[in-house]
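Reading through the structure tokens given below for one structure.
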């Protein structure tokens, strides 16, 4: 039954491994720059701040031959600070913590930052399973770490008691998660336990976190994120794709939901453990013996030793936006806007993508919150709009960023057009003048917020009443032409001035008829108005009509 369950878990891991490697999670993994990792073993990273961390290491300036060594090498707890993007200034904690005769590691601060939880292990024999490990605490007083205190039997009740992670819940309860194993029990394996802290500072008896977390194989290195109430741990059970994989489960104490493998590339066929997140929840560290560490991959033992890797969880962000004409109270998304997006780095702008918007439709780009961007919007007859999307210095970038970009229409100070002229007592549009109305149509198409007033005029032949109607008919004929060519009726106003505003004399100075003057007066003129009802000046460059 035991082996059947193990085989079932391994098969599940193989199936999941095939699935996750073909569809990897959006995570970037790399060795942190600096001098944290060496050719031996680093483990148990603990984030103190964005620029400071604590970790454990077996450090030596020379290679160690484990079969011929004359010196007992032991691990210790170190701190490192980040400067200019590199982890440096590796300092070892004082000897009151780092016992030279024992392996010291797994350092983590308590909820208030003034108590250090850590483990001390003694190797009785050369077999690794003979490590005897216990959990200790040390309190910092007046800037100095005090003599360590070994926790009581409610915590240190087995042979192997390690990987402590203390947390204070949102309700104020203090819980210590840790790992135990009893070597005398042949069926024993490493499991995760928890213990609740009492008011007097001691702990209640430890309890298993339950079978939904603990399997027939090993579960180690618990890390609990109290904001999301998520336990991260490593296991070679469940559906591990090889060795120890990192898993996550929501809940607390012994009540958990949905144990999920974090997938590739967080997990590989090698070991991944000691998964921790920083305050951003988008970056963190883990420990792995996968290739890529200080030991060259060409060496036969490239996967011999654990190293600390840094990761970025690339939580993709969607920029969802639209452009509208400035002054449009309804803010309707405009079409035919050319939108380009560029990445910004060190004042350099690199093209990434572009698109053309559709009418009444938002556009979107997928962006990386670790990168800054420039968005540029361009449209004929509108001023170009540029927006800097600064994401790198923002905390808690949302999954969707919504933007509305007002675009200002280029102000037309003056239009140069030609009038439409008419035969005597006629209102139909002559073919030779239709191209002048085509120019009016172009102005309206290029300026979506414009409207036009068509003003009909006549010469002085006929009564005032007759000429007012004739002028109206001439303006309506121009209106019909515009509408036949796609201009909406609501953008057109028709008026008539009749014979009241001639631009040339209808009679000569001696009182005789002036046919040339009257031909100039039989016309339609235009007034244009912008979106905010400002009149646009019109200047006429006429070739005057023939005399009919």
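The table below gives the values:
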quantity: Taking 487, 441, 410 and counting other C-beta atoms within 10 Å, the order from fewest to most; calculated: 410, 441, 487
quantity: Binned Cα-Cα distance frequencies in the stretch 251-385 - 10 Å width, integer %; calculated: 10, 24, 21, 19, 15, 9, 2, 0
quantity: Residue 346-residue 186 pseudo-label distance in nm [points 7 Å out on the Cα-to-Cβ vector]; calculated: 6.3
quantity: Nearest 10 degrees, 0 to 90: helix 431-446 Cα axis against the chain principal axis; calculated: 30
quantity: Over the chain: helical MRE at 222 nm, DSSP H runs n ≥ 4 each giving -39500 (n - 2.57), nearest 500; calculated: -4000 deg cm²/dmol
quantity: Gained length - residue 144 relative to residue 358, 0.36 nm times residue gap less alpha-carbon distance; calculated: 70.5 nm
quantity: Paramagnetic reach from residue 207 (point 7 Å along Cα→Cβ, amide N under 13 Å) across the stretch 150-179; calculated: 175-176
quantity: Fraction of beta bridges assigned by DSSP in the stretch 414-540 that are antiparallel (%, nearest 5); calculated: 50
quantity: Rounded tilt (10° steps) of 464-484 against the dominant C-alpha axis of the chain; calculated: 40
quantity: The chain shape via C-alpha gyration tensor axes, a/c threshold 1.5; calculated: prolate
quantity: Quotient of C-alpha Rg and 2.2 N^0.38 Å, computed over the stretch 317-407; calculated: 1.08
quantity: Segment residue 88-residue 101, extension gain: residue separation times 0.36 nm, minus the distance between their alpha carbons; calculated: 2.0 nm
quantity: Angle between the chain longest axis and helix 2-22 axis [Cα atoms, degrees, rounded to 10]; calculated: 30
quantity: Cubic angstrom per residue, convex hull over Cα atoms of the stretch 414-540; calculated: 103
quantity: Potential extension, residue 441-residue 495 segment - 0.36 nm per residue separation minus Cα distance; calculated: 17.6 nm
quantity: Bins of 10 Å from zero: percent of alpha-carbon pairs in the stretch 475-548; calculated: 15, 37, 33, 12, 3
quantity: Prolate/oblate/rounded call for the stretch 114-256, Cα gyration tensor, a/c under 1.5 rounded; calculated: oblate
quantity: Among beta bridges that DSSP assigns inside the stretch 317-407, antiparallel share in %, nearest 5; calculated: 75
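All of the numbers you see were taken from the coordinates with simple rules; none came from a lab. All values reported here derive from a predicted model rather than from experimental measurement. Glycine also receives a Cβ, built like all others from the backbone with ideal geometry; neighbour counts cover every protein chain displayed.
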